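Taking it in order: structure first as structure tokens, then the write-up.
The values are calculated or read from the model by the stated rules, or taken from the named source; none is laboratory data. The shown structure was predicted, so the numbers you read here are calculated from the model rather than taken from an experiment. So basically every Cβ, Gly included, is an ideal-geometry build from the backbone, and we count neighbours across all protein chains shown. Protein only, heavy atoms only, side chains kept; ligands, DNA and RNA dropped before computing areas. Shrake-Rupley method; radii C 1.70, N 1.55, O 1.52, S 1.80 Å.
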Amino acid sequence: LLAITAHAASKKLPDAGETKVEALLKALTLDEKIGMLGGTGFATKPVERLGIPPINMTDGPVGVRWDASTAYPVSTAMAATWDTVLIHRIGVAIAIDTKAHGRDMILGPCVNINRVPHGGRNFESFSEDPYLASRMAVAYVKGVQSRNVITSTKHFAANNQEIERESIDARVGKRALHEIYLPAFKAAVEEADTWSIMASYNKINGWWASENQYLQNDVLKGEWGFQGFVVSDWGATHSTVHAANHGLDLEMPTGKFFNEKLADAVRSGAVKESVVDDKVRRLLRVMMKADLFAKQAPVMADEKAQRRTALEAARASMVLLKNDGNLLPLDAKKIRTLAVVGPSADVARAGGGGSSQVSPSVRVSPLEALTVRLGAAKIRYAKGSLMEGDVTILPSSALTPAKGVPGERGLTGEYFNNMNFEGSPVLTRTDTAVNFVWNGSPCPGIGEDTFSVRWTGTITPPVTGRYALQTASDDGVRLFIDGRLVIDDWHDHGMVTNTHMLDLEAGRRCDIRLEFYENGGSAGVQFGWTLPGVHLIDQAVAAATGADAAIVFAGTSSSIETEGTDRKSIDLPANQEELINAVARANKNTIVVLQNGAAIVMTGWNDNVPAILEAWFAGQECGTAITEILFGDVNPSGKLPSSFPKAWSDCPAFGNYPGTGGSVHYAEGIYVGYRYFDTKNIAPLYPFGYGLSYTTFMYGTSSVSPVNAGTSGTFTVKTAVRNSGARAGSEVVQLYIRPVSPSTDRPLKELKRFAKVTLQPGASTTVTMTLDASAFAFYDVVSHTWKTEPGTYEILIGSSSRDIRSSQTVTLE
């Protein structure tokens, strides 16, 4: 602790601020200090006696999850822009939204590496590459904190799967830890001065993240000189003494371990009071930096300005993967009929699920935007397929409440202020449908968490046949039909969809009892059905037949890519592949637009369609941005921040995920993403850094100066780029480094710099990038330091990791 404090002293607040912090710390009693170290849900405890305010928090990181707010593109989409200036602007916008909701701290950015494509929160992280993730993290943190909003860079560390996240032990080597999984955190600390770091749920090499001495004290607070506070993820604290001594500063959501147990540990000597003082000092220091002691003036968000930022980010994020025969952009003047099909056509899939899910007041679906563009008369719409996890809400016309008045439609809802239906309900009402996502209390008299609801009544099927009854819930749900339990998912989880197949007779009523409880975090429940005899793919084929073009909107959803669980498969869910191939057979001008958060395997249909646009979960303006790109108003400029494999079996972690016996072994070491594909010569379907444009870019020969330097020297690399096409566009120039004859095992190449440039047709520019010794370094597990080795290196300039346009050789002496 003394070493940590000594290092921290070199990066103090201005003297007046440090003086106030120390004065407040001296005035606090032990009980008051410990009280500050345990939360109250989404805030810290104030000390009114001394004028110490709370830190009011809100979920993030792709928008404020606190009532209605702007939904920005997910983090993967942000990284796909490769535009740090834009990400800084998004950070500023998110900070304004945070302040407008009366909050002081956003729980983001999420900078975990996309180790496996299945990861439920991959959409919430930036990339498979630590350098790209670092640049995004620095831009985001600086943007948010420029408006005195606290960031919480998360999840520290090696939180790369949601399966068993609260118990799994990530067994990862020191070199992989430092080269792959820690650089984005390091950059956020050393370059952006992030004011908070969130410890993850999992263990790392045998120790819970929230009590990991090596990560929190030795590396974060020691080597990196971190000045802020470490906060636990919600419910991720497991001890008092270990957590206190090993670096955790704030326990959330409440002080289960940092309470009187910590006071007893201090009095017994198991935890020194100086350790508690260091934690409180860090909280006070951040409060000072965020100006929380000053009177907070109300902040109003300019909704139009925020929407413009969200739209610009969505435009810049989308990646054109395929465009055979220049099918895109479409010419609106030549379109007489456009088939619009797919389970994501009429839905604005703004983001993934879980704590990052934002509820925007406005959202634009692709179908809405396309209809505005072309007019309803030119659109042939067919759903084509049901998205796995989506629920077609049971209409009120089929429901009769148990306690309703004659002629009333819906179900009787009884709302309890506990999770077990104990006592009398706080509220009894008729709900016309069960279709709820709550970001707060469901009704007066009930809190945001720990409540339950019971719906009763009858269901009357309109036709005879086999129905799929569905529930979607976060957390537990039970469904009874005529007193028989048919769906039983009575435990805590993220939004999960359950289905029960049932033969029903037209007009014959069935008794319904639907029960739901909410424990903590997100809350939502839906009840729906699928009618028998509906042939959705046939309807889509009919719509596509004879149309000038067909657009299939496919992908995943917030119930498939979500906190709390991983994807079961990285293929398209349900029968979307069958849908795409059927539509492609019916219409040669078939375009696939993907809305998702992470890589999808496409080998079963990729060769059958001429055009593919990766649109991501692009926030509330997704439909508008997609339409603008499809019709050429905007030239796509996104590049993939992670590799899209041909098959899961090609991936580096295959065979070492999701783990066994409570542990997951990172046996692939430093070979994550393109580092693995390129070094092992395994071709992905679409490589890291890849993305097409409606124009073309020519690269000139690169130059480097000097060509020889010492291991502490710097190199200046220049590359000429010309827009050789007919449209204005943007290109991402990527610089990779390859050691020629390394003394230790190293990837074939690693991204070290990039620059995004925008050029008019025929225009040229020279891109200049500077490399210092850190660009050539690797982490040496013997000396436990970064090491730059003398030798020969190739500097590779390319448009993707697999499209190298020029190279130069330099020597480090």
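Computed over segment 359-427, the quotient of the alpha carbon radius of gyration and 2.2 N^0.38 Å is 1.79. Checked against a 30 Å cut-off, the cross-linked pairs 142/787; 588/749; 154/261; 33/174; 186/295; 174/261 give Cα-Cα distances beyond that limit for 588/749; 33/174; 186/295; 174/261. For segment 25-35, putting each phi into the Karplus relation 6.51 cos²θ - 1.76 cosθ + 1.60 with θ = phi - 60° gives couplings of 4, 5, 7, 6, 7, 4, 5, 5, 5, 5, x Hz, in residue order, rounded to whole numbers and with x for Gly and Pro.
What the chain shows is 35 Å² of accessible area per residue, with the surface traced by a 1.4 Å probe over protein heavy atoms. The H on the amide N of residue 199, modeled in the peptide plane, is under 5 Å from the matching H of 156, 231, 232, 233, each at least 5 residues off or on a different chain.
Rounded to the nearest Hz, the phi-derived 3J(HN,Hα) couplings of segment 506-520 under the Karplus curve 6.51 cos²θ - 1.76 cosθ + 1.60 (θ = phi - 60°) are 3, x, 8, 6, 10, 6, 10, 9, 10, 10, 9, 10, 10, 9, x, where x marks glycine and proline. Does segment 661-813 classify as rounded, prolate or oblate by the C-alpha gyration tensor (a ≥ b ≥ c root eigenvalues; a/c under 1.5 gives rounded; else a/b over b/c gives prolate, otherwise oblate)? Oblate, since a/c reaches 1.5 and b/c is not below a/b.
Please go through segment 465-552 and write out the chymotrypsin sites (Phe, Trp or Tyr not before Pro) that DSSP classes as loop and that have at most 10 other C-beta atoms within 10 Å.
Answer by residue number: there is no such site.
If a/c stays under 1.5 just call it rounded; otherwise compare a/b with b/c (prolate if a/b is bigger, oblate if not). Do that for segment 226-299, with a ≥ b ≥ c from the square roots of the Cα gyration tensor eigenvalues. The partial results should precede the final answer.
Details: a/c = 2.34, a/b = 1.78, b/c = 1.31.
Here segment 226-299 falls in the prolate category.
Placing unit charges on each Cβ (+1 for Lys and Arg, -1 for Asp and Glu) gives segment 113-262 a dipole about its Cα centre, and among 173, 230, 143 the Cα reaching farthest toward its positive end belongs to 143. Karplus-based coupling profile of segment 675-684, in residue order and whole Hz: 4, 6, 4, 6, 5, 8, 6, 10, 7, x, with θ = phi - 60° in 6.51 cos²θ - 1.76 cosθ + 1.60 and x standing for Gly or Pro. Rounded to whole Å, give me the distance from the Cα center of segment 329-399 to that of segment 425-461. When both Cα centres are located, 27 Å separates them.
Annotation note: GluC sites (Glu not before Pro) in segment 367-445 located in DSSP loop regions with a Cβ neighbour count of at most 12 within 10 Å are 422. Taking amide hydrogens as placed 1.01 Å from N in the peptide plane, the amide H of residue 359 sits under 5 Å from those of 66, 69, each at least 5 positions away in sequence or on another chain.
How would you classify segment 475-546 from its alpha-carbon gyration tensor, with a ≥ b ≥ c the square roots of the eigenvalues: rounded for a/c under 1.5, else prolate if a/b is greater than b/c, otherwise oblate? Numbers along the way, then the final one.
Details: a/c = 3.60, a/b = 1.49, b/c = 2.42.
It comes out oblate by the Cα gyration axes.
Orientation-averaged projection of segment 148-204 equals 4.1 nm² [convex hull of Cα atoms, one quarter of hull surface area].
For the chain, the relative contact order comes to 14 percent (Cα pairs under 8 Å, sequence separation of at least 6).
The alpha carbons of segment 519-570 give a radius of gyration and a Dmax of 16.9, 52 Å, in that order.
Okay, helix-only estimate at 222 nm for the chain: each DSSP H run of n ≥ 4 adds -39500 (n - 2.57), divide by all residues, round to 500 deg cm²/dmol; what do you get?
On the way: 16 runs with 163 residues, N = 813.
Roughly -6000 deg cm²/dmol at 222 nm, from the helical runs in the chain.
Among 767-773, 93-99, sorting by the average number of other beta carbon atoms lying within 10 angstrom of each residue, highest first, gives 93-99, 767-773.
Amide hydrogen proximity for residue 347: with H placed 1.01 Å from N in the peptide plane, the residues at 5 or more positions away or on another chain lying under 5 Å are 367.
Please report the carbon-and-sulfur percent of the accessible area for the chain; probe 1.4 Å, protein heavy atoms only, DNA, RNA and ligands left out. Walk me through the intermediate numbers first.
On the way: 14250 of 28680 Å².
About 50 percent, which is the carbon plus sulfur part of the accessible surface.
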